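The values are calculated or read from the model by the stated rules, or taken from the named source; none is laboratory data. Everything numeric here is computed off the predicted structure, so don't read it as measured data. Using ideal geometry, Cβ is built from the backbone for each residue, glycine included, and neighbour counts are taken over all protein chains shown.
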Amino acid sequence: MRAMDMLLTAACFVLAYFLKKHYLPEPFRGLTQEPSYYVVLLLVIIIWYISLNAIWAYKDPRNSGAATQMWDVLKANGLGLLILSFVLYASKMPVSRLMIGIFVVLDVGALIAFRAVAAAVVRRMDTRACNAAHVVIVGSRDRAGDVVSAIENHYQNNVHILGCFDPDPDRAEFRVAGKYPVLGTMEALEGFLQDNVVDELIVAMPIKKLPGGDRCLAVAEEMGITARIVPDWQLHHLAYQPIVAGISVSSFYGVQTLTLKSTPKSQGKLFLKALVDYSAGAVLLVLSLPVFLAAAAAVKASSPGPVFYRQERLGKNGRRFDMLKFRTMKDGADKHIDEVRQMNECDGPVFKIRRDPRIIPVVGTVLRKTSIDELPQLVNVLRGDMSLVGPRPPIPAEVNEYETWQRRRLSMKPGITCLWQVEPCRNDLPFCKWVEMDLAYIDQWSLRLDFLILFKTVKAVLMGAGR
């Protein structure tokens, strides 16, 4: 939103300049040569950036109404105009006041329209099931009802409330707000988090009445699930100390919560990561089309069966999707896995064989060695299932064998390449080392780290480090 606001503000200033100089009726048309309007444009961008941030015009468009958005834009433009007028007066720059007035009118209209479009687009995107936030509520009384009301009143189809948990076994048949069932006591919560897609855990009951509250938050942190506490100002009853999660106070659809988050927190940088994924993914897909066609022809000519291999994998917080690869094994190889299971060379739940007898001779080996078999995953990136860089997506059977702390590698969108895949001896690393490197990537994530991994991936592909 900040980037778009600055682009629209600059565009409105340029449009106001040309309207005043060339298109207004006489005697209002025309501008003097002095001052340099490039300098004035630079001042406007700086001042409007400061003004929009000063009055905090960057609320989630889904949670604030149209009137609030309009008022924010009007306040920001008013403050910007006041500061600009003072600067121009102090510097004695003879700028056309009519042109500045036209600019402000255009800018107010453009920023309000942008916010309306942004809210509509985001709401439309959020109606997709894969974008819905899956939420579990701890508590089933008034405070839990307040959270449910806040979600239902401030949002449409974006939050999927899976249900509630309550330490009181007598609440087993109760339904919060008449529709959200109490799924069990706290003893059942950990198993539920492991078996279902859960993005956020909301503690909506007094901490002193929550036995095992520390364990509840520890499990959420270990799995990378965002935990929110609706404060009752008795947090001293909670002895839990986060290990990797950051703590902040944030609004959850109008309800102030204490938030524990163990995944990257900068939404702006994560947006840039997504932008790079979609733009670079599209470019790479187009550039690799000749390789796609050659690989597809080679697979089809060397082995009967489909060109692509689809395998169910788990994405962010356990969301299921079909990952695409060029088929490098004989058709139906999955049915013969029991025959080669004893040949597994990896520890933990991962299955890998250096010389798998099911691989298509020559073609399958070459595709794996050069990592060309991974190229179709660019389609998964464009679908939004995967990122260019991130922990590799596991199969569901592997995740069933994970320890709780290992599940946190699912807390970030999976990638085509990752930190351990660019290691020189990646095929010889033990499974625990994979997980540790994935968690290190999540904890240390930055755009710079992503680009470094992509650079090293190119090097690994050229050296034929695949298997």
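Structure summary
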| item | result |
| --- | --- |
| Residue in the stretch 401-408 that is of a type in the set (D, E, K, R), without any contact (Cβ under 8 Å) to a residue 12 or more places away in the chain, assigned by TED's automatic domain parsing to the domain that holds Pro349 and out of contact with any Asp or Glu (no Cβ under 6 Å at 6 or more places or on another chain) present | yes |
| The lone exception for Lys179 - which of (1) under 28 Å from Lys413 (Cβ atoms); (2) surrounded by fewer than 19 Cβ atoms within 10 Å (Cβ to Cβ) it fails | (1) |
| Which listed residue is modelled with pLDDT under 90 and among the basic types (Lys, Arg), from Lys433, Lys413 | Lys433 |
| Any pair with Cβ under 8 angstrom, 6 or more apart, that starts in the stretch 321-339 at a residue that is in the same structural domain as Leu367 (by TED's automatic domain parsing) and ends at one that is of a type in the set (Phe, Trp, Tyr) and crowded, with 20+ Cβ neighbours inside 10 Å | Leu324/Tyr309; Lys325/Tyr309; Phe326/Tyr309; Arg327/Tyr309; Thr328/Tyr309; Met329/Tyr309 |
| Hits in the stretch 8-38 - residues which are surrounded by fewer than 16 Cβ atoms within 10 Å (Cβ to Cβ) and within 16 Å of Gly80 (Cβ to Cβ) | Ala11 |
| Selection within the stretch 69-121 - in contact with a Lys or Arg (Cβ under 7 Å, 6 or more places away or on another chain), among the aliphatic types (A, V, I, L, M) and modelled with pLDDT under 90 | Ala119 |
| Verdict on Ala110 being surrounded by 15 or more Cβ atoms within 10 Å (Cβ to Cβ) and either under 26 Å from His22 (Cα atoms) or under 27 Å from the mean Cα position of the chain (by Cα) (or both) | yes |
| Checking Ile353 against (1) aliphatic (A, V, I, L, M); (2) under 30 Å from Ala280 (Cα atoms); (3) not in a helix (DSSP H, G or I), the condition it does not meet | (2) |
| Considering residues of the stretch 383-431 that are under 17 Å from Glu312 (Cα atoms) and aliphatic (A, V, I, L, M) only, the residue surrounded by the fewest Cβ atoms within 10 Å (Cβ to Cβ) | Ala397 |
| Residues of the stretch 353-369 satisfying the condition of being of a type outside the set (A, V, I, L, M) and surrounded by fewer than 12 Cβ atoms within 10 Å (Cβ to Cβ) | Arg354, Arg355, Pro361 |
| Meets criteria (without any contact (Cβ under 8 Å) to a residue 60 or more places away in the chain and within 15 Å of Leu8 (Cβ to Cβ)) for Asn53 | no |
| Residue check, Ile372 farther than 26 Å from Cys432 by Cβ, touching a Phe, Trp or Tyr at 6+ places or on another chain (Cβ under 8 Å) and crowded, with 16+ Cβ neighbours inside 10 Å | yes |
| Matching residues in the stretch 75-98 - criterion: being surrounded by fewer than 17 Cβ atoms within 10 Å (Cβ to Cβ) and touching a residue at least 40 places away in the same chain (Cβ under 8 Å) | Val87, Met93, Pro94, Leu98 |
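Each row is one residue, and each column tells you yes or no for (1) under 28 Å from Gly315 (Cβ atoms); (2) modelled with pLDDT under 75; (3) assigned to a helix (DSSP H, G or I); (4) of a type in the set (Phe, Trp, Tyr).
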| position | (1), (2), (3), (4) |
| --- | --- |
| Trp233 | no, yes, no, yes |
| Gln241 | no, yes, no, no |
| Lys265 | yes, yes, no, no |
| Leu272 | yes, no, yes, no |
| Tyr278 | yes, no, yes, yes |
| Gly281 | yes, no, yes, no |
| Leu284 | yes, no, yes, no |
| Pro290 | no, no, yes, no |
| Ala301 | no, no, yes, no |
